[in-house]
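Input: a single structure, listed below in structure tokens.
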């Protein structure tokens with residue numbers, strides 16, 4: 001049994017199940033207790049409930065590790081739930097238990113010590129906010145591990161994530177097809193592996209199409225809805241150039257940017273087209289509905305789980321893998337033909 005089945009039986013969303021089982025805010029006490037009770041009845045491992053440092057406890061851990069929580073936060077819960085669902089289906093099929101642990105920490109040293117103490121069979125690391133130095137420190141783990149939702153091509157580690165550069169090429173190609181020539185990227189002032197790759201993809205695609213590219217082509221904003229809204233509003237009120245199109249580094253930033261544009265008197269897409277990245281549920285409900293990249297994160301989760309299982313069975317170290325999964329452009333009403 002997995003998150004989907006628990007959600008159906010409890011009459012709640014998959015996001016609510018994930019929040020309840022991982023001790024996060026956003027779920028009432030009564031609902032939380034109902035979900036936990038159902039999870040136990042359906043033999044779903046409740047995080048932190050049991051020790052698993054014994055040989056017969058075959059446990060694969062998903063480690064959700066935040067450094068600051070500015071990108072990996074509650075706004076992304078629905079996105080992360082799909083990772084969880086993909087992982088859970090595979091590990092249960094192969095006879096493993098699945099546990100989720102969540103930490104916000106400056107250094108990965110406490111996490112590595114915890115894993116050495118608990119002795120899981122394998123670890124899938126959600127590396128969204130991790131730096132290249134953090135990924136390097138994972139070499140101290142004594143168990144097979146795979147990193148998802150980030151990628152550092154210079155490092156020898158197993159990565160499975162979305163193809164950021166290819167996805168951004170798809171975005172710029174679509175805008176060019178719609179006769180946009182003045183395009184800028186709303187990027188994050190907080191650096192991550194994904195952000196760097198999306199910026200690289202943006203610059204490569206702009207050069208490929210012979211479009212004007214300068215230091216002004218990147219508009220930095222604080223991550224999160226509030227930060228993107230406030231920084232974009234300040235940019236517009238300060239006389240910042242409004243291009244024909246804005247590519248936002250993720251959907252949450254796009255939501256904040258669109259709010260700022262509306263408050264500044266601009267209409268989307270009449271005055272400026274906007275594209276996001278992630279295809280969060282709100283993207284299809286906002287006004288206008290957001291054109292964005294749908295990331296196959298359930299598939300990525302399943303790939304990560306299968307890779308871990310293969311590494312466990314093989315019991316030997318192979319050459320590190322770098323698997324990039326292509327996303328899909330979801331066309332809605334936030335872009336028009338110029």
Item checked: Residue among 20, 305, 167 with the largest mean-square fluctuation in a Gaussian network model of the chain, springs linking Cα atoms under 10 Å -> 20
Notebook entry, point to check: Size of region 214-338 along its principal axes in angstrom, Cα-based, largest extent first?
Noted result: 60, 28, 26
Check: Ranked by Cβ crowding within 10 angstrom, fewest neighbours first, how are 156, 333 ordered?
Finding: 156, 333
Check: To the nearest 10 degrees, how steeply does helix 297-314 sit against the main Cα axis of the chain, on a 0 to 90 scale?
Finding: 40 degrees
Margin query: Using only the alpha-carbon atoms, how far is helix 193-208 inclined from the longest principal axis of the chain? Give it as 0 to 90 degrees, nearest 10.
Written below: 40 degrees
Check: Most fluctuating residue of 116, 259, 67 in a GNM of the chain with Cα springs under 10 Å: which is it?
Finding: 116
Checklist line | 20 Å tail of the calculated P(r), region 53-145, as % of Cα pairs | finding: 36 percent
Notebook entry, point to check: Between region 224-244 and region 68-86, what's the alpha-carbon centroid distance in Å?
Noted result: 25 Å
Checklist line | Contour excess over end-to-end distance, with Cα ends at residue 234 and residue 94 and 0.36 nm allotted per residue | finding: 45.2 nm
Next item on the list: Grab the beta carbon distance between residue 212 and residue 116, set R0 = 51 Å, and tell me the FRET efficiency rounded to 0.05.
Entry: 0.45
Margin query: Only Cα pairs within less than 10 Å get springs; with that Gaussian network setup on the chain, which residue of 11, 276, 86 has the largest fluctuation?
Written below: 11
Next item on the list: For region 130-256, report the translational diffusion coefficient in µm²/s to the nearest whole number, using Stokes-Einstein at 37 °C, 0.692 mPa s, and a Kirkwood Rh over Cα pairs.
Entry: 206 µm²/s
Next item on the list: Taking all pairs of distinct Cα atoms, average 1/r, flip it, and tell me the Kirkwood hydrodynamic radius of region 267-307 in Å to one decimal place.
Entry: 11.8 Å
Notebook entry, point to check: How many nm separate the modelled label positions at residue 204 and residue 142, each set 7 Å beyond the Cα in the direction of the Cβ?
Noted result: 4.0 nm
Margin query: Could you give the length gained by full extension between residue 326 and residue 4, i.e. 0.36 nm per residue of separation minus their alpha carbon distance, to one decimal place?
Written below: 113.5 nm
Next item on the list: Consider just the alpha-carbon atoms of region 116-200 and return their Rg together with their Dmax, both in angstrom.
Entry: 16.6, 57
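Go ahead and estimate [θ] at 222 nm for the chain from helices alone: -39,500 (n - 2.57) per DSSP H run with n ≥ 4, summed, over the residue count, rounded to 500.
Details: 11 runs with 136 residues, N = 338.
Mean residue ellipticity, 222 nm, calculated: -12500 deg cm²/dmol.
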Margin query: Give me the percent relative contact order of the chain, please, defined on Cα pairs under 8 angstrom at least 6 residues apart.
Written below: 18 percent
Check: What Rg and what Dmax come out for region 227-300 when only alpha-carbon atoms are used, in angstroms?
Finding: 12.5, 43
Margin query: Kirkwood hydrodynamic radius, the chain, all distinct C-alpha pairs: what's the number in Å?
Written below: 20.9 Å
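Every number in this text was worked out from the coordinates using simple rules, so none of it is lab data. Not measured: the values here are computed from a predicted model. Virtual Cβ from ideal backbone geometry, glycine too; neighbours counted across all protein chains shown.
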